[in-house]
Every structure is written in structure tokens, then in C-alpha cells.
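So the structure is just underneath, and the comments pick up after that.
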Amino acid sequence: MFQVVLLMFEELNLQNIDTALMLFKKYQEFYQVQNIDEEKNRQHLQMIMDNEEVGKLFLLRDKDIYFGFATIYYSFSSIVAEKIAILNDLYVLEDHRQNGFGRQLMEHCFDYLKTCGIGIVRWSTRQDNINAQKLYDNYTNGTKWLMYSYKIP
């Protein structure tokens, strides 16, 4: 049987923030975040929603079912002397993966960034996230740069 999928992309807003929080938590669980703080997550999403210059969060849904999101944050590059975007988060619920939805979220972000005049987007993933790497390798090869993360005590 053929199933019609009516994909919609939504910016984070007051009507969908609770759904975004659920997906955000699932994303954190995927990356094995310890001690997930739902109030801190709410404050973070509220900050994105209230400050468009920080970035955007896009949700993906089919009819009334939300099943993915992507977050872009803005930064700057001294190498190219311009504003760039960081595709910081890309997440699709497990039972919706391998259907091209991650690619569609990325394409939506790229299209949005073009309208903002931003021509460079960067992202990273864990070395063991092979499925994500298969998607990302369709766009570009990994870079020669290593990414470090340090939690300041």
C-alpha cells in the first residue's frame, strides 16, 4: 500500500515548544547525556525562540506527527571573514530513519541559510555515528580539522 507523506517544516514557536522539548530530550538520550535537565532545555529553546540572531530550530512533521528537528546556530569565520552557520543538531526519531528525512531537514536548513546570505555551514558528529556519516558524505568529505570540546570546571 502506498502511504502519502505530507512533510511540513516549522520554526520553533510557542505552539510546538513542548514537542520540541520531547525531541530534544530524545536527541540527548541518543548521545547518552547524563542528568538531562528539562527546565534547562526549556530555557535554552526559549532563548533560541526569543533571539533570532542566535539561530533557528526547525521541526519536521507529517500531519500531526513530529519526528525530527535541526538546529542551526550562527558563528563567524576569520578564515573567510564572514558569518557562517553551525548545523549543531540533526535528529530524526529512530522509527523514521532511513527514509531521507535527515537529508530533507538539511536541505531545508541550507535553503533557509541561502535566504540569509550565509554560504558556509559546518557540522560534526561522533565517530561511531556511521548512519549520519553516510548522509553527510553525500555533501562533502570530512575535514582535516579536529574538533575539541572542553567542559570548564
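Just a few scattered comments:
- Accessible surface of region 1-52, 1.4 Å probe, proportion on carbon and sulfur as whole %: 50
- Note on MET47: accessible area approximately 70 square angstrom, rounded to 10, probe 1.4 Å, nucleic acids and ligands left out.
- A DSSP coil position with no more than 12 other Cβ atoms inside 10 Å describes the following GluC sites (Glu not before Pro) in region 1-90: GLU52, GLU53.
- Full extension of the chain between LYS83 and VAL33 yields a length gain of 15.0 nm, computed as 0.36 nm times the residue separation minus the alpha carbon distance.
- If R0 is taken as 35 Å, the Cβ-Cβ distance between ASP50 and ILE120 corresponds to a FRET efficiency of 0.85.
- The aspartates and glutamates within cross-link reach of LYS25, meaning a Cα-to-Cα straight distance under 15 Å and a gap of 8 or more places when in the same chain, are ASP37, GLU38, GLU39, ASP89, GLU94.
The values are calculated or read from the model by the stated rules, or taken from the named source; none is laboratory data. Here the structure is a predicted model, which is why all the values come from computation and not from measurement. FYI the Cβ positions are ideal-geometry reconstructions off the backbone, even for glycines, and counts take in every protein chain you see. SASA here: full protein model, heavy atoms, side chains in, ligands and nucleic acids out. Shrake-Rupley method; radii C 1.70, N 1.55, O 1.52, S 1.80 Å.
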